[in-house]
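Structure record follows, encoded as structure tokens.
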Amino acid sequence: MEKIIDESKQGESLVLENKKENTRKLFIESYGCAMNFSDSEIVASILTNEGFNTTQRLEEADLVLVNTCSIRDKAEQTVRKRLEKYNAVKRDHNPKMKVGVLGCMAERLKTKFLEEEKIVDLVVGPDAYKDLPNLLAEVDEGRDAINVILSKEETYGDISPVRLNSNGVTAFVSITRGCDNMCTFCVVPFTRGRERSRNPQSIIEEVNDLWNRGYKEITLLGQNVDSYLWYGGGLKKDFVKASDMQKATSVSFSNLLELCAKAQPKMRIRFSTSNPQDLTLDVVETMAKYNNICNHIHLPVQSGSNRILKAMNRLHTREEYMELINNIRRIIPNCAISQDMIVGFPTETEDDFQDTVSLMDYVKYNFGYMFTYSERPGTMAGRNMKDDVTEPIKKRRLQDIVDLQREHSEIKTKEWLGTTVEVLIEKESKKSNIQWSGRTPQNIVAVFPKDNYKIGDFVNVKVTNCTSATLIGEAIGLSENN
Ligand code: SAH
Ligand code: F3S
């Protein structure tokens, strides 16, 4: 999920409208995936009720919270560097400042954090945010506080998140938490716990509320959205024990997509992330049926080699993945497809890597996110497999597929030349203050002169030029979606 976050947003501190009566100041920043950014909005909502207003100035913060990521070692190092920065600010400018660590690193390192990092007063795992008021009371009394208990039920469905640093147009709506897939390289099942689905009614209420406040696009979030299943709460594996009534009224991911699409027929709907082993064709058919569900599927495959897929505990073959791609393209010919890839997984040979290259050649993804393998303590691969592909080989393989993806992106982006696409305007273009920037349903960025259009408009844009990843054009009128 981390890919749907604009890189420039990583680590940005978050602000929201302040309440006059609140006197304490909160500085909160997020790293990692979209779920973390969404969780920070839940945390800010909880703390607003505890007398906090947000600030962007570390020097004046009473409480600093950092929402952390453990997915790769580099992500953890970034957070350690931030802790050094907080330490310096506390020492030089703000001795009363308290520091809390939230999210996946909190869950992974637990009390070790309090021992290793003297600056940290508070450690809170992803399922314990409702306990923040109690934990802060402990901190106020001068004690370190920690809650890293993972839950089988918590979905924060009853908390209406405040929208932090929002463009007022696009928002995340979380629908599942945790992951049961146990890919052998991945730390998420350990840091975010068992998979649970959120009550569909609270999801629809949030979508309606967002629409009423002017939002035009939502992204339904989960580590593995296709395995969404609501039958009254509880773990998916317990569905077998559910009553006939519960089974008859259960809501699958394709049902949920349909409910959202119908609830707000003009709201654009996206979702992330899909896992190939759980994406069923009824989801693709539902996408095809509703105009407002965007034609883009983020479908990480991680490797093109059957042997490596097996070692990663990805429960499908290369051939099954190709068949899924063929089916998606048969049902939705212009569907954009994007990937995540890992190179240098333990035992990956040159032949395995060439299988990844040939799979990419077969699919020709619109875009993708590629990583070198980073061993994570506690995962199956971390415990049982030697990290035996050398760093230079990992780097070379990464560069090879990054270059290949750029070629494919360029081919795919060029296909839009001369066509008219619908763009939802999100913000000013980073490169020019006389241009708007937005995205097509396929999630391709498009820029064009502002004319008299405004943020939040759906505009038809004639594509006249492009770079490898961006469409360049001119608006020819509002689309009928407005
Ligand atoms: N299902 C999640 C995946 C989260 S991790 C989602 O919602 O996106 C995002 C990506 O990070 C994965 O798809 C994988 O490509 C990469 N990743 C995860 N663990 C990794 C590791 N140990 N080393 C390198 N990359 C990793
Ligand atoms: Fe991680 Fe695999 Fe789940 S990549 S988040 S264990 S689907």
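The values are calculated or read from the model by the stated rules, or taken from the named source; none is laboratory data. What you see is a predicted model; the values in this text were computed from it and never measured. We place every Cβ from the backbone using ideal geometry, glycine too, and count neighbours over all the protein chains shown. Heavy atoms of the whole protein, side chains included, go into the accessibility calculation; ligands, DNA and RNA do not. Shrake-Rupley method; radii C 1.70, N 1.55, O 1.52, S 1.80 Å.
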- Query: Among 122-128, 179-185, 411-417, how do they line up from the highest to the lowest mean number of other beta-carbon atoms within 10 Å?
  - Reply: 122-128, 179-185, 411-417
- Item | Qualifying lysines (Cα of each under 26 Å from Cα of Lys395; at least 8 residues distant if same chain) | Lys3, Lys9, Lys74, Lys81, Lys310, Lys364, Lys386, Lys412
- Give, in nm to one decimal, the length gained when the segment between Glu320 and Asn165 is fully stretched (0.36 nm per residue of separation minus the Cα-Cα distance). 51.7 nm
- Each residue of segment 301-306 in turn: what ³J(HN,Hα) in whole Hz from Karplus with 6.51, -1.76, 1.60 and θ = phi - 60°, glycine and Pro shown as x? 10, 6, 7, x, 9, 4
- In sequence order, calculated HN-Hα J values of segment 155-162 (Karplus, 6.51, -1.76, 1.60; Hz; x Gly/Pro): 10, 6, x, 8, 9, 8, x, 7
- Rounded to the nearest whole Å², what accessible area per residue is found for the chain with the 1.4 Å probe? 42 Å²
- Message: Give the aspartates and glutamates whose C-alpha is closer than 18 Å to that of Lys110, dropping any in the same chain fewer than 8 places away, or say none.
- Response: Asp73, Glu76, Asp121, Asp127, Asp131, Glu138, Asp144
- Query: Stretched out fully, how many nm does the piece from Thr347 to Asn334 gain, at 0.36 nm a residue minus the Cα gap?
  - Reply: 1.0 nm
- Accessible surface of segment 369-482 [probe 1.4 Å, protein heavy atoms]: carbon and sulfur percent: 52 percent
- Task: Mind ranking 338-346, 372-380 by how tightly packed they are, going by the mean number of other C-beta atoms within 10 angstrom, highest first?
- Result: 338-346, 372-380
- Report, to the nearest whole %, how much of the accessible area of segment 118-223 belongs to carbon and sulfur atoms, 1.4 Å probe, protein only. 48 percent
- Query: So what J values fall out for segment 465-475 if you push phi through Karplus, 6.51 cos²θ - 1.76 cosθ + 1.60 with θ = phi - 60°, rounded to Hz, Gly and Pro as x?
  - Reply: 7, 6, 9, 5, 10, 10, 8, 10, x, 9, 6
- Message: Net charge within 12 Å of Ser151 by Cβ-Cβ distance, Lys/Arg positive one each and Asp/Glu negative one each, not counting Ser151 itself?
- Response: 0
- Message: Restricting to bridges with both residues inside the chain, how much of the DSSP beta-bridge set is antiparallel, in percent to the nearest 5?
- Response: 40 percent
- What residues have an amide H closer than 5 Å to that of Leu65, excluding those fewer than 5 places away on the same chain, when H is modeled at 1.01 Å from N in the peptide plane? Phe27, Ile28, Glu29, Gly100
- Query: What is the Cα centroid distance between segment 364-406 and segment 148-180, reported in whole angstrom?
  - Reply: 29 Å
- Item | Spacing of the two label points (7 Å from each Cα toward its C-beta) at Ile411 and Asp140, in nm | 6.2 nm
- Note on the structure: Non-local residues with an amide H under 5 Å from the amide H of Val123, with H modelled 1.01 Å from N and Pro and chain starts lacking one, are Val101, Ala145, Ile146, Asn147
- All other residues with a Cβ under 14 Å from the Cβ of Asn94 taken together, and with Lys, Arg as +1 and Asp, Glu as -1, what is their net charge? +3
- Item | All Cα pairs of segment 66-179, percent lying beyond 23 Å | 37 percent
- Inter-label distance, nm, simple model (7 Å from Cα along the C-beta direction), Asn482/Gln246: 4.9 nm
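Counting only protein heavy atoms, what percent of the accessible surface of segment 274-346 is carbon or sulfur at a 1.4 Å probe?
Answer for segment 274-346: carbon and sulfur cover 49 percent of the accessible area.
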- Message: Check the chain for me: any Cys whose beta-carbon has no other cysteine beta-carbon within less than 4.7 Å?
- Response: Cys33, Cys69, Cys104, Cys179, Cys260, Cys294, Cys335, Cys466
- Item | Whole-percent pair-distance distribution, where bins are 20 Å wide, for the alpha carbons of the chain | 23, 56, 21, 0
- Query: Using a simple spin-label model with points 7 Å from Cα along the Cα→Cβ vector, what separation in nm is obtained for Ala288 and Val357?
  - Reply: 3.5 nm
